[in-house]
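Below is one structure, written out as structure tokens; the observations come after it.
The values are calculated or read from the model by the stated rules, or taken from the named source; none is laboratory data. All of these numbers come straight from a predicted model, not from anything done at the bench. Reconstructed Cβ throughout: ideal geometry from the backbone, glycine too, with neighbour counts over all protein chains shown. Just so you know, the surface numbers come from the protein's heavy atoms only, side chains and all, with ligands and any DNA or RNA stripped out. Shrake-Rupley method; radii C 1.70, N 1.55, O 1.52, S 1.80 Å.
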Amino acid sequence: MGFITKDHSVYTVGLSEDGRLGQSSSYDTELPRRVSFDNPNIVVQSLSLGSKHSLALTTCGAVYSWGNP
């Protein structure tokens, strides 16, 4: 599961199999953890979460992905 906050931060929670949470660890989590992007100025407007991957669409039209397709 994942969500975007009002300040456009992205958080994920759940099973971390295949890197689908976008976290630096492979541990499952019961508490939401923030997803870090290389560029701190990225503004995410939409998330799409698959069974083994996640996609984030930014306001400038870029798409970031993590996990296993």
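Site pair Lys52 and Asn68 shows an inter-label distance of 0.5 nm when each label is modelled 7 Å from Cα along Cα→Cβ.
Determine, for each peptide in 53-60, 36-43, the mean count of other beta carbons within 10 angstrom over its residues, then list the peptides with the highest first. Mind dumping the intermediate values first?
On the way: 53-60: 15.5, 36-43: 10.2.
Output ranking for 53-60, 36-43: 53-60, 36-43.
Solvent-accessible surface of the stretch 24-69, averaged per residue with a 1.4 angstrom probe and all protein chains in place: 75 square angstrom.
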